[in-house]
Amino acid sequence: QKEVEQDPGPLSVPEGAIVSLNCTYSNSAFQYFMWYRQYSRKGPELLMYTYSSGNKEDGRFTAQVDKSSKYISLFIRDSQPSDSATYLCAMKYARTSARQLTFGSGTQLTVLP
Amino acid sequence: SAVISQKPSRDICQRGTSLTIQCQVDSQVTMMFWYRQQPGQSLTLIATANQGSEATYESGFVIDKFPISRPNLTFSTLTVSNMSPEDSSIYLCSVVGQSEKLFFGSGTQLSVL
């Protein structure tokens, strides 16, 4: 079993839809959770960075962490065609443990105009 | 966040040859990493590039296959040696920026024939 599981998709939604992207993990020691967006032929771009459980909102994006269920989500409101990308979740044990970052395999999202 | 330039952006190489990928950062950074991203798979850390000393390789990666240089705090190279089709992948340079967040370069898409 992988440490971090992420549904690869592909996920296709109409413009304006609310998108829910999810990851589950097995190691309860993870404390820091990230979402990266990766456009085709580009490197991953940090989208959201959260610590422990709870919600964090940034514009149309909301990151949610449920440590009791070992489950994290990224919600995109009013999705746009420009949101079409692969979304990667990532997590680490401690603030300084950049080397121990564990990634999901990514969910490919297409937002149709 | 740091601006990370990676060259080349893509290349097609013959089996048995080597390719050197360059990573330039616009500010001095202590920690630089090299990742591999194979289709449909998670990002995998190859090694940590240390300034002034040998790179630290992760399990499954060896210096003879992936020699790394880090001559200063803004530059690093990764060489993929004696390539085979199994080395076809995206290679990513990354740095730890403010607040211990990980940022990525634009990646090098390598295809080995």
How much of the accessible area of the stretch A:26-96, probe 1.4 Å, is carbon plus sulfur, in whole percent?
-> 44
Using a 1.4 Å probe and ignoring any ligands, DNA or RNA, find the accessible area of A:S20 and quote it in Å² to the nearest 10.
-> 50
For A:R60, A:R37, A:R95, give the ranking by accessible area with the largest first, probe 1.4 Å.
-> A:R95, A:R60, A:R37
Along Cα→Cβ, 7 Å out, is where each label goes; now give me the distance between the ones at B:T30 and A:R41 in nm to one decimal.
-> 3.7
Residues from the stretch B:31-47 losing no less than 30 square angstrom of accessible surface in the full protein assembly compared with the chain alone, 1.4 angstrom probe, ligands and nucleic acids excluded, are B:Y35, B:Q37, B:S42, B:L43
Amide H proximity to A:L109 below 5 Å, modelled H, separation 5+ or other chain, gives A:L11, A:A85, A:T86, A:Y87
Enter the accessible area of A:Y39 (Å², nearest 10), with the probe set to 1.4 Å and all protein chains included.
-> 80
Which whole number gives the average, over all residues in B:55-64, of C-beta atoms from other chains lying within 10 Å of the residue C-beta?
-> 0
Using bins 10 angstrom wide from zero, how does P(r) for chain A break down, in % of all Cα pairs?
-> 15, 49, 30, 6, 0
Inter-part distance where the stretch A:31-77 and the stretch B:10-84 are each reduced to a Cα centre, Å = 27
What list of ³J(HN,Hα) values in whole Hz, one per residue of the stretch A:41-54 in order, does the Karplus curve 6.51 cos²θ - 1.76 cosθ + 1.60 (θ = phi - 60°) give from phi, with Gly and Pro shown as x?
-> 6, 10, x, x, 10, 5, 9, 9, 9, 10, 10, 6, 7, x
If you check each cysteine of the protein assembly as shown for another cysteine whose beta-carbon is under 4.7 Å away, which ones come up empty?
-> B:C13
Using bins 5 angstrom wide from zero, how does P(r) for chain B break down, in % of all Cα pairs?
-> 2, 13, 24, 26, 20, 10, 4, 1, 0
Nearest-10 value in Å² for the accessible area of B:C13, using the 1.4 Å probe | 10
What spacing in nm lies between the two simple spin-label points modelled at A:D66 and B:T56, each 7 Å away from Cα in the Cβ direction?
-> 3.6
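Return an integer: the convex hull volume of the alpha-carbon atoms of the protein assembly as shown, in Å³ per residue.
Values: hull volume 27.9 nm³, N = 226.
Dividing the Cα hull volume of the protein assembly as shown by its residues yields 123 Å³.
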Hey, if you put +1 on the Cβ of every Lys and Arg and -1 on every Asp and Glu Cβ in the protein assembly as shown, which of A:Q80, B:S5, B:T108 ends up farthest toward the positive end of that dipole?
-> B:S5
For the stretch B:60-71, what does the Karplus curve 6.51 cos²θ - 1.76 cosθ + 1.60, with θ = phi - 60°, yield as ³J(HN,Hα) per residue in whole Hz, taken in order and with x for Gly and Pro?
-> x, 10, 10, 4, 5, 8, 10, x, 10, 10, 8, x
10 Å Cβ neighbours from other chains, averaged over peptide B:102-113 | 3
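List the relative contact order of chain A as a percent without decimals, with contacts defined as Cα pairs under 8 Å and 6+ residues apart.
On the way: 278 pairs, mean separation 41.9, N = 113.
Dividing the mean separation by the residue count of chain A yields 37 percent.
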Taking H as built 1.01 Å from N, whose amide H comes closer than 5 Å to the amide H of B:A2, not counting residues under 5 places away?
-> B:Q98
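Could you work out, residue by residue across A:97-105, how many beta carbons of other chains sit within 10 Å of that residue's beta carbon, and then give the average as an integer?
That average works out to 5.
The values are calculated or read from the model by the stated rules, or taken from the named source; none is laboratory data. Please read these numbers as outputs of a predicted model, since none were measured by experiment. Glycine gets a Cβ as well: all are built from the backbone with ideal geometry, and neighbour counts include every protein chain shown. Accessible surface areas use protein heavy atoms only, side chains included; no ligands, DNA or RNA. Shrake-Rupley method; radii C 1.70, N 1.55, O 1.52, S 1.80 Å.
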